[in-house]
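Undergrad: Got a structure for you, written out below as structure tokens; questions coming shortly.
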Number of protein chains: 2
Amino acid sequence: MPGGLAALPSTIITRPSVLGPMEHRLEADVTLSAPLPAPVDAGELVPRLAAEAFARTIANRGEGKLASFTVDGPKLLLVLESNGPRPHQTLLAFVRRLGEELGRSAKVGVRSFEASRYRSEFTLDSAPEGPITLPIPHHLTIEGTLAALSLLHLSEEGLRDNWMDRAVALVQEKVRRQSYTGKEQFWSLLSASPAREVRFEHDPTEEMLKRQWVRSGPTKGKWFLGPTAAHLLRTMERIALEEVLRPLGFQEVVQPHHDSFETLLKTGHLEGLPGEFYYVAEPKTRDPAAWERFTDLVKITRQVPTEELARMVTGPTAVACYAQCPTTYWWLSGRTLGTDSLPLRIFDRAAVSNRYESGGRHGLERVDEFHRIEPVFLGAPDDLVALRQALLDRYTHVFNEVLELEWRTAWVTPFYLQQSGKVGVEDVHARVKGTIDFEAYLPYRGPRESSEWLEFQNLSIVGDKYTKAFSIKAQKGELWSGCTGIGLERWVTAFLAQKGLEVADWPDGFRRYAGELPTDVRFL
Amino acid sequence: MPGGLAALPSTIITRPSVLGPMEHRLEADVTLSAPLPAPVDAGELVPRLAAEAFARTIANRGEGKLASFTVDGPKLLLVLESNGPRPHQTLLAFVRRLGEELGRSAKVGVRSFEASRYRSEFTLDSAPEGPITLPIPHHLTIEGTLAALSLLHLSEEGLRDNWMDRAVALVQEKVRRQSYTGKEQFWSLLSASPAREVRFEHDPTEEMLKRQWVRSGPTKGKWFLGPTAAHLLRTMERIALEEVLRPLGFQEVVQPHHDSFETLLKTGHLEGLPGEFYYVAEPKTRDPAAWERFTDLVKITRQVPTEELARMVTGPTAVACYAQCPTTYWWLSGRTLGTDSLPLRIFDRAAVSNRYESGGRHGLERVDEFHRIEPVFLGAPDDLVALRQALLDRYTHVFNEVLELEWRTAWVTPFYLQQSGKVGVEDVHARVKGTIDFEAYLPYRGPRESSEWLEFQNLSIVGDKYTKAFSIKAQKGELWSGCTGIGLERWVTAFLAQKGLEVADWPDGFRRYAGELPTDVRFL
């Protein structure tokens, strides 16, 4: 896990050490606009303001103390300790009051402050199995499951922004991940359709290529669907709309297909999947005169002048849609939803999904670009559980009676989440929040018992994770959300892999929806 | 026009000079793998091969001559002149034969060659009105309308790739543009609907914002359409499909929404509009370990670590769909279309169009992201003219009887194209190849006589420009192409700007298509 990193700003120490008596110790440097004038009694002022700040920020949640302080010209060095909450909020309260008092009594202000060293002890779930890295200046000492993290030269911004709390959480997460590396995600069968007679055993993409229904696109992992393949994709879309979404009252929205970084910071996608995004960059200017050198080079060389282009374009400013739900939550951000609009049921099918798949690409099954209907729903927990059941019922009807697939569902949880206490797999609550995967058997991959099935669909209730992150509220009561991604290329692949490409072999329910196939283009 | 350019590799000279007797003069340096051994008679060999090369490349299209040559160790310096075609093809033919003969007779090869100086004379349409720049090493001399361009140190690649021809064309184009700067495009009214009673005089986007039908998106110039606005957009889509495209036999395809640079080089978009593209960049790797520093920084700071991101992402590798037709042509590239597939009528509505609009943005009328159906048609010239008329008839029906718009059509040609001889505005041929713009009156912009109308649609026949560029052939006869972009946001804007947002005020034809409007989300 730690391989591949560039030089880190701090060495990692994992030798035992003697840990101090208090859990948290903040060594602060406060720079004033001028040395304290004579009338100010620092010996009275600093302890008084520190006691006040501890009372305000720690109160009865632990013990805090001013361990020492020194005045050195315009510098005030102080050490705050706590065995309750971490004392950076205490420092912020202290500095604010210090500025007020000195401004009033001595016309001296606080120019800046930082933590030269901020040390915090905490307990890990288990001893780490390898080194732990952090991207900011620090020392980390771990003895068994007891960790002590010191952040060095932590800026005012880092103090205000709780970097210590986040760094501690990150160390805990990294240790947890180490202990689950290589372990499987939790997978528990929920339901299975009857086995169906195997009528086709080929890779459907290979067959579509032979018939020139599809052409592998001009950029990585993207496909051009000719009339017949496009007709199949749109037929699946129509089935999803008419058999699942419209009967359940879902309404369409049309969302931008660029996701802002701010949105993806809130959903957590940016920290989770940065290597799977396609990024979007903008021209630095639209002025043709500024682009003249670029256009002249293109006109003369008929090649892309890469360096000139890099000079004219910004760094990444956004991400091409990875999934639609983040921007749907953005749309509702800061809003309060009227009771009569709940449960809110909406879907988008306008944004095209992009995923940088790299080595994993295969045919139309695993692609860098795909078309997905993404229904999102928000409401009271009980209403969402009922809606999930209604969705399950409609999906079951589609897969059993329209597409006649061999398919199954499973309850899935990533392993490290199961063990982190975030999701208890066996309790009832866990079966409320979480994800159901839908998988289809692909005969060309081998026997149904031993081959990997294709995940072609999922259905999740995520609790209040996103409604909280985007400050979306209900007029009354708790507001949860969930979503269910309908991957149209995967529906097509699952169907063709089981039924083949001959209309005569397709089930009646699907043929009714498909109608007459287009006469595809005849290439000589 | 020339402002804003970084340092150019050559000074521009626009003083008179004495032009030489021959139009084109190529001073070449050929480097051999070894000095010529004694038995080789350069005095016989070089003139003989040059004469042979002139005969092959210039023949009776002009006069070519070997003006001089020198042998200096492994260097052969020669000067080729021509008053017919430019002599770089002659040099290539000479070098190829030289390699063959020397390889056979003396085991000596040609290691490399370049033009130390390649001078070409040509005539301009008019004298330039300002300096002319080029992005490769050169001297340019212009006396009245007579120009002499010398390219310096032109590489083998530049010689093989006709850079001189392209540089000359570029100089001519720049002079032409200078003389038309600030002039209007050609605009000639073709048809106009009757005036309609003005029922609404507001900016429809402002009205939609007030009703919370739309929200200005999280990134530049993009919109989130809530249920009602999405319903209007999809209704327009349905009208276009059912009233125009399906009756005329158009079939849907689904194309990638990333356009490759190679495709845009072929269509000319890359040289025409580089400041209007959104660019796509890829992760340098998908490996989570390599992204650990990035994800750790996000987790601790909750901000985008811009420098680390720039380190992990490639430069631009493609362009987000600007228009759909380039990739449609890519799909057909290198193919021969069967007669029974012609005229080929296809459309895409999957790729979302992106345009970096910068200062020009306004509401839903001029946006950075929009949804367009792009029909493309290929066939014999006569068939395309007939198809264009059929499209015009169907559009007329839609705009007069379904949407009941006040609209007009105009024949448009950019001014510099009119004068360049590429399109003769007044001849019949020009009225075959070219573009018809559809414009709608927007009452909120002011009186119909003096305000700017909204271009909401166009229809073009482009001749064989793209079929040639992509090597698309018909089984029999000439193959032309054309396209007609249906901008759904613009249809919505034109309609709402004239009819307002009250269902009761809408024409029956549209109401039949729209059906019942969604109950939009109620925000408190």
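The values are calculated or read from the model by the stated rules, or taken from the named source; none is laboratory data. Quick caveat: nothing in here was measured; it's all calculated off a predicted structure. A quick note on method: Cβ atoms are made from the backbone with ideal geometry, for glycine too, and the neighbour counts reach across all protein chains shown.
Undergrad: Which ones in segment B:234-275 are touching a strand residue (DSSP E or B) at 6+ places or on another chain (Cβ under 6 Å) and more than 19 Å from residue B:376 (Cβ to Cβ)?
TA: B:275
Undergrad: How many of the residues in segment A:271-305 are among the aliphatic types (A, V, I, L, M), part of a helix (DSSP H, G or I) and more than 30 Å from residue B:130 (Cβ to Cβ)? Break it down stepwise before answering.
TA: Kept after step one, since they are among the aliphatic types (A, V, I, L, M), are these residues of segment A:271-305: A:273, A:280-281, A:289-290, A:297-298, A:300, A:304.
Going one step further and asking which of them are part of a helix (DSSP H, G or I), we end up with A:297-298, A:300.
When the remaining residues are screened for being more than 30 Å from residue B:130 (Cβ to Cβ), the result is none.
Within segment A:271-305, residues that are among the aliphatic types (A, V, I, L, M), part of a helix (DSSP H, G or I) and more than 30 Å from residue B:130 (Cβ to Cβ) number 0.
Undergrad: Looking at A:451, A:471, can you tell me which residue is farther than 30 Å from residue A:263 by Cα and polar (S, T, N, Q)? Spell out how you get there, then give the answer.
TA: On the way: A:471 fails: farther than 30 Å from residue A:263 by Cα.
Checking each option against the conditions leaves just A:451.
Undergrad: If I filter segment A:268-281 down to residues being facing chain B (nearest Cβ under 7 Å) and more than 30 Å from residue B:359 (Cβ to Cβ), which single residue comes out as modelled with the lowest pLDDT?
TA: Ranking the qualifying residues of segment A:268-281, first place goes to A:271.
Undergrad: Oh, and also: Would you be able to say whether some residue in segment B:333-342 is crowded, with 20+ Cβ neighbours inside 10 Å, more than 9 Å from every other protein chain (Cβ to nearest Cβ), touching a strand residue (DSSP E or B) at 6+ places or on another chain (Cβ under 7 Å) and among the hydrophobic types (A, V, I, L, M, F, W, C)?
TA: The answer is yes; a qualifying residue exists.
Undergrad: Related question: Here is a list: A:132, A:142, A:136. Which entry is within 26 Å of the chain's Cα centre (by Cα), crowded, with 20+ Cβ neighbours inside 10 Å and not basic (Lys, Arg)? Show your work before the answer.
TA: Details: A:142 fails: within 26 Å of the chain's Cα centre (by Cα); A:136 fails: crowded, with 20+ Cβ neighbours inside 10 Å.
Every option except A:132 fails the conditions.
Undergrad: Let me ask another. Going through A:21, A:35, A:74, A:2 one at a time, which residue ends up being under 25 Å from residue A:160 (Cβ atoms) and either at pLDDT below 90 or surrounded by fewer than 18 Cβ atoms within 10 Å (Cβ to Cβ) (or both)? Quick ask: steps written out before the conclusion?
TA: Values: A:21 fails: under 25 Å from residue A:160 (Cβ atoms); A:35 fails: under 25 Å from residue A:160 (Cβ atoms); A:2 fails: under 25 Å from residue A:160 (Cβ atoms).
Selected residue: A:74, the only one of A:21, A:35, A:74, A:2 that is under 25 Å from residue A:160 (Cβ atoms) and either at pLDDT below 90 or surrounded by fewer than 18 Cβ atoms within 10 Å (Cβ to Cβ) (or both).
Undergrad: Additional query: So, residue B:345, is that one basic (Lys, Arg), surrounded by fewer than 24 Cβ atoms within 10 Å (Cβ to Cβ) and more than 7 Å from every other protein chain (Cβ to nearest Cβ) or not?
TA: When the stated conditions are applied, residue B:345 passes them.
Undergrad: Related question: May I ask you to say which residue of A:126, A:120 is among the hydroxyl-bearing types (Ser, Thr, Tyr) and within 27 Å of the chain's Cα centre (by Cα)? Working first, answer last.
TA: On the way: A:120 fails: within 27 Å of the chain's Cα centre (by Cα).
None of the other options fit; the residue is A:126.
Undergrad: If you check every pair at least six apart or on different chains, which have Cβ atoms under 7 Å apart with a residue in segment B:332-343 that is outside any helix (DSSP H, G or I) first and a residue that is modelled with pLDDT of 95 or more and of a type in the set (Ser, Thr, Tyr) second?
TA: So the pair list comes out as B:333/B:471; B:334/B:471.
Undergrad: In the set A:489, A:455, A:516, which member is surrounded by fewer than 21 Cβ atoms within 10 Å (Cβ to Cβ) and either among the β-branched types (Val, Ile, Thr) or not in a strand (DSSP E or B) (or both)? Talk me through it step by step, then tell me what you get.
TA: Numbers: A:489 fails: surrounded by fewer than 21 Cβ atoms within 10 Å (Cβ to Cβ); A:455 fails: either among the β-branched types (Val, Ile, Thr) or not in a strand (DSSP E or B) (or both).
After applying the criteria, what remains is A:516.
Undergrad: Where residues in segment A:348-357 are assigned to a loop (DSSP other than H, G, I, E, B) and more than 8 Å from every other protein chain (Cβ to nearest Cβ), which of them is surrounded by the most Cβ atoms within 10 Å (Cβ to Cβ)? Show your work before the answer.
TA: Of all residues in segment A:348-357, those assigned to a loop (DSSP other than H, G, I, E, B) come to A:349-352, A:355-357.
Checking which are more than 8 Å from every other protein chain (Cβ to nearest Cβ) leaves us with A:349, A:355.
Working: A:349: 24, A:355: 22.
Filtering segment A:348-357 for residues that are assigned to a loop (DSSP other than H, G, I, E, B) and more than 8 Å from every other protein chain (Cβ to nearest Cβ), the one surrounded by the most Cβ atoms within 10 Å (Cβ to Cβ) comes out as A:349.
Undergrad: Here are some residues: B:298, B:352, B:385. Which one is out of contact with any Pro (no Cβ under 6 Å at 6 or more places or on another chain) and closer than 24 Å to residue A:372 by Cβ?
TA: Numbers: B:298 fails: closer than 24 Å to residue A:372 by Cβ; B:385 fails: closer than 24 Å to residue A:372 by Cβ.
Result of the check over B:298, B:352, B:385: B:352.
Undergrad: Counting residues that are in contact (Cβ under 8 Å) with a residue 12 or more places away in the chain and facing chain B (nearest Cβ under 9 Å), which strands (runs of 3 or more DSSP E) fully inside segment A:159-267 reach at least 2?
TA: Working: elements: A:186-192, A:214-216, A:223-225, A:251-253, A:258-260.
Passing ranges, in order: A:223-225, A:251-253, A:258-260.
Undergrad: Name the residues in segment A:132-158 that are in a loop (DSSP other than H, G, I, E, B) and more than 11 Å from every other protein chain (Cβ to nearest Cβ), would you? Spell out how you get there, then give the answer.
TA: Step one: filter segment A:132-158 for residues in a loop (DSSP other than H, G, I, E, B), giving A:132-137, A:144-145, A:155.
A:137, A:144, A:145 - these are the residues of segment A:132-158 that are in a loop (DSSP other than H, G, I, E, B) and more than 11 Å from every other protein chain (Cβ to nearest Cβ).
Every residue, every condition in (1) modelled with pLDDT under 95; (2) surrounded by fewer than 21 Cβ atoms within 10 Å (Cβ to Cβ); (3) of a type outside the set (A, V, I, L, M, F, W, C); (4) under 21 Å from residue A:458 (Cα atoms), yes or no:
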residue	(1), (2), (3), (4)
A:237	no, yes, yes, yes
A:240	no, no, no, yes
A:256	no, no, yes, no
A:283	no, no, yes, no
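Undergrad: Also, quick follow-up: In segment A:507-524, how many residues are more than 10 Å from every other protein chain (Cβ to nearest Cβ) and not basic (Lys, Arg)? Break it down stepwise before answering.
TA: If we filter segment A:507-524 for residues that are more than 10 Å from every other protein chain (Cβ to nearest Cβ), which is where we start, we get A:507-517.
Subsequent filtering for residues that are not basic (Lys, Arg) retains A:507-510, A:513-517.
Adding up the residues that qualify gives 9.
Undergrad: Something else about it: Which one of the conditions (1) surrounded by fewer than 21 Cβ atoms within 10 Å (Cβ to Cβ); (2) in contact (Cβ under 8 Å) with a residue 60 or more places away in the chain; (3) more than 14 Å from every other protein chain (Cβ to nearest Cβ) does residue B:98 fail to meet, given that it meets all the rest?
TA: Here residue B:98 meets the rest and fails (1).
Undergrad: Restricted to segment B:387-414, and to residues that are in a helix (DSSP H, G or I) and in contact with a Ser or Thr (Cβ under 9 Å, 6 or more places away or on another chain), which residue is nearest to residue B:481 (Cα to Cα)? Walk me through how you get there before you give the answer.
TA: Of the residues in segment B:387-414, the ones in a helix (DSSP H, G or I) are B:387-402.
Subset that is in contact with a Ser or Thr (Cβ under 9 Å, 6 or more places away or on another chain): B:388, B:391-392, B:395-396, B:399-400.
On the way: B:388: 11, B:391: 14, B:392: 16, B:395: 19, B:396: 22, B:399: 25, B:400: 27 Å.
In this case the residue turns out to be B:388.
Undergrad: Let me ask another. Name the residues in segment B:296-322 that are surrounded by fewer than 19 Cβ atoms within 10 Å (Cβ to Cβ), closer than 23 Å to residue A:305 by Cβ and facing chain A (nearest Cβ under 7 Å), would you?
TA: Within segment B:296-322, B:310, B:315 qualify.
Undergrad: Let me ask something else about it. Just wondering, is there one or more residues in segment B:378-386 that are assigned to a strand (DSSP E or B) and facing chain A (nearest Cβ under 8 Å)?
TA: Of all residues in segment B:378-386, those assigned to a strand (DSSP E or B) come to B:378-379.
Right, trim to facing chain A (nearest Cβ under 8 Å) and you get none.
Checking segment B:378-386: not a single residue is assigned to a strand (DSSP E or B) and facing chain A (nearest Cβ under 8 Å).
Undergrad: Something else: Taking the criterion of being closer than 14 Å to residue A:256 by Cβ and modelled with pLDDT of 95 or more, would at least one residue in segment A:300-318 satisfy it?
TA: Restricting attention to segment A:300-318, the residues satisfying the condition of being closer than 14 Å to residue A:256 by Cβ are A:317-318.
Cutting the leftovers down to modelled with pLDDT of 95 or more gives us A:317-318.
The answer is yes; a qualifying residue exists.
Undergrad: Take the residues in segment A:127-183 that are hydroxyl-bearing (Ser, Thr, Tyr) and farther than 28 Å from residue A:89 by Cα; name whichever of them is modelled with the highest pLDDT.
TA: Taking segment A:127-183 and keeping what is hydroxyl-bearing (Ser, Thr, Tyr), we get A:133, A:141, A:145, A:150, A:155, A:179-181.
Then drop every residue that is not farther than 28 Å from residue A:89 by Cα, which leaves A:179-181.
On the way: A:179: 82, A:180: 75, A:181: 68.
Here the answer is A:179.
Undergrad: Return a yes/no flag: does segment B:358-368 have any residue that is within 16 Å of residue B:257 (Cβ to Cβ), more than 10 Å from chain A (Cβ to nearest Cβ) and not charged (D, E, K, R).
TA: No, there is no match, as no residue in segment B:358-368 is within 16 Å of residue B:257 (Cβ to Cβ), more than 10 Å from chain A (Cβ to nearest Cβ) and not charged (D, E, K, R).
Undergrad: For residue B:496, indicate whether it is within 19 Å of residue B:214 (Cβ to Cβ), surrounded by fewer than 16 Cβ atoms within 10 Å (Cβ to Cβ) and touching a helix residue (DSSP H, G or I) at 6+ places or on another chain (Cβ under 6 Å).
TA: On the way: within 19 Å of residue B:214 (Cβ to Cβ): yes; surrounded by fewer than 16 Cβ atoms within 10 Å (Cβ to Cβ): no; touching a helix residue (DSSP H, G or I) at 6+ places or on another chain (Cβ under 6 Å): yes.
Against the criterion (within 19 Å of residue B:214 (Cβ to Cβ), surrounded by fewer than 16 Cβ atoms within 10 Å (Cβ to Cβ) and touching a helix residue (DSSP H, G or I) at 6+ places or on another chain (Cβ under 6 Å)), residue B:496 does not qualify.
Undergrad: May I pose another question? So which residues in segment B:257-295 are of a type in the set (Val, Ile, Thr) and touching a Pro at 6+ places or on another chain (Cβ under 8 Å)?
TA: Looking only at segment B:257-295, we keep the residues that are of a type in the set (Val, Ile, Thr), and these are B:263, B:267, B:280, B:285, B:295.
Scanning segment B:257-295 gives B:263, B:267, B:280, B:295.
Undergrad: Out of segment B:102-126, which residues are assigned to a helix (DSSP H, G or I) and more than 18 Å from residue B:73 (Cα to Cα)? Walk me through how you get there before you give the answer.
TA: Of segment B:102-126, the ones assigned to a helix (DSSP H, G or I) are B:102-106.
Matches in segment B:102-126: B:104 only.
Undergrad: Looking at (1) surrounded by fewer than 16 Cβ atoms within 10 Å (Cβ to Cβ); (2) modelled with pLDDT of 95 or more, find the lone condition where residue A:450 falls short.
TA: Just one mismatch for residue A:450, condition (2).
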